[in-house]
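What follows is one structure encoded as structure tokens, with my remarks underneath.
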């Protein structure tokens, strides 16, 4: 090492940037106030208090925006029935950026609707493929959603089931959007010992998406769901089995795949998983079907809560993504769109680039954009080149 003092200062500055980035606006505010003093924010443990800005509502109604963005009518109607009246401004900008094909990081406070901001354009793309591109029989994975923990994936699945039920109830069986979780806890098949009990325990607190207290059939129902073993596969059904085919208020939930075999053999449009599972699939060089589902098929790769991908976990995931990108490049598959959601941290773009390998990143935040876009700095894939837009 030629200059250990300079190197030590670089390390100190890097840690300070990381520390402030993790602390968000509150940590930055404290750091700025201490800039001219002898104290440093990195010596303080916190907690930091942060006053959150009220996000800007869009000037347009949900219906007007959905029509102007040319979203699928099924998506427009489904979210209207769920109760969407108006989106936040940042949600509209996120949807537009993703529809334009941009690699995008969405930064907003917890509970502000980041999931809907990236989910709506992905659902739109899947429906377009199924309805207009002759892929009604297509079983490939369209989007892989990567979560840092299994618990977070399960929690997200609850919301996905509610949304997909509203959309799929308008579609023919072959056009319905399918979803499944593939991780270390997912049963291999129906014959695996204890698998039915595990699944019923997992879905014990899930709500039936078709539950309606105004319907007579729902008066004496707990509003839950359960798992049925059909012999060939596990199937999620309403708490009252008769509700599954009860026209016109039937509740079909067969769009959810519950075993690894079902996911690999029959495919899903949306796959929920985690970095460890993807890495484990890669180590099995003879599992071509697993490689297809996890590596080569997806058009979208979403990192939820990307601000948690720091330290060793972030380095691990970054190395994994380099392997994934390398394998896709060998097949000349370069159409993977990278998306991330993040809490309000300062280094979200840089972190997303390092973890995912994205180069040109559109950043969408809750703050109103001063200009639609600003200049971009580009480099080779994986380079540490931040870009600030929106």
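The values are calculated or read from the model by the stated rules, or taken from the named source; none is laboratory data. All of these numbers come straight from a predicted model, not from anything done at the bench. Methodologically, a virtual Cβ is constructed for each residue, glycine included, from the backbone with ideal geometry; neighbour enumeration extends over all protein chains shown.
When you scan segment 267-370 for strands (runs of 3 or more DSSP E) that lie fully inside it, which ones turn up with 1 or more residues that are surrounded by fewer than 22 Cβ atoms within 10 Å (Cβ to Cβ) and under 18 Å from the mean Cα position of the chain (by Cα)?
300-303, 337-342, 361-365
Quick one: count up the residues across segment 190-241 that are buried (at least 19 other Cβ atoms within 10 Å of the Cβ), assigned to a loop (DSSP other than H, G, I, E, B) and more than 30 Å from the chain's Cα centre (by Cα).
Qualifying residue count for the region: 1.
Condition test on residue 166, is it surrounded by fewer than 22 Cβ atoms within 10 Å (Cβ to Cβ), in contact (Cβ under 8 Å) with a residue 40 or more places away in the chain, assigned by TED's automatic domain parsing to the domain that holds residue 353 and in a loop (DSSP other than H, G, I, E, B)?
Working: surrounded by fewer than 22 Cβ atoms within 10 Å (Cβ to Cβ): yes; in contact (Cβ under 8 Å) with a residue 40 or more places away in the chain: yes; assigned by TED's automatic domain parsing to the domain that holds residue 353: yes; in a loop (DSSP other than H, G, I, E, B): no.
Spelling it out, it is not the case that residue 166 is surrounded by fewer than 22 Cβ atoms within 10 Å (Cβ to Cβ), in contact (Cβ under 8 Å) with a residue 40 or more places away in the chain, assigned by TED's automatic domain parsing to the domain that holds residue 353 and in a loop (DSSP other than H, G, I, E, B).
Would you mind telling me which numbered condition in (1) under 13 Å from the mean Cα position of the chain (by Cα); (2) at pLDDT below 95 residue 120 fails?
(2)
Go through segment 126-147 and count every residue that is modelled with pLDDT of 90 or more, in contact with a helix residue (DSSP H, G or I) (Cβ under 8 Å, 6 or more places away or on another chain) and over 13 Å from residue 179 (Cα atoms).
Looking only at that region, the number is 3.
Look through 67, 93, 86, 77 and report the one residue that is at pLDDT 95 or above and assigned to a loop (DSSP other than H, G, I, E, B).
Result: 86 is the single residue among 67, 93, 86, 77 that is at pLDDT 95 or above and assigned to a loop (DSSP other than H, G, I, E, B).
Residue under question is residue 171, and the condition is that it be assigned to a loop (DSSP other than H, G, I, E, B) and either touching a residue at least 60 places away in the same chain (Cβ under 8 Å) or farther than 20 Å from residue 142 by Cβ (or both); does it hold?
Values: assigned to a loop (DSSP other than H, G, I, E, B): yes; either touching a residue at least 60 places away in the same chain (Cβ under 8 Å) or farther than 20 Å from residue 142 by Cβ (or both): yes.
Yes, satisfied.
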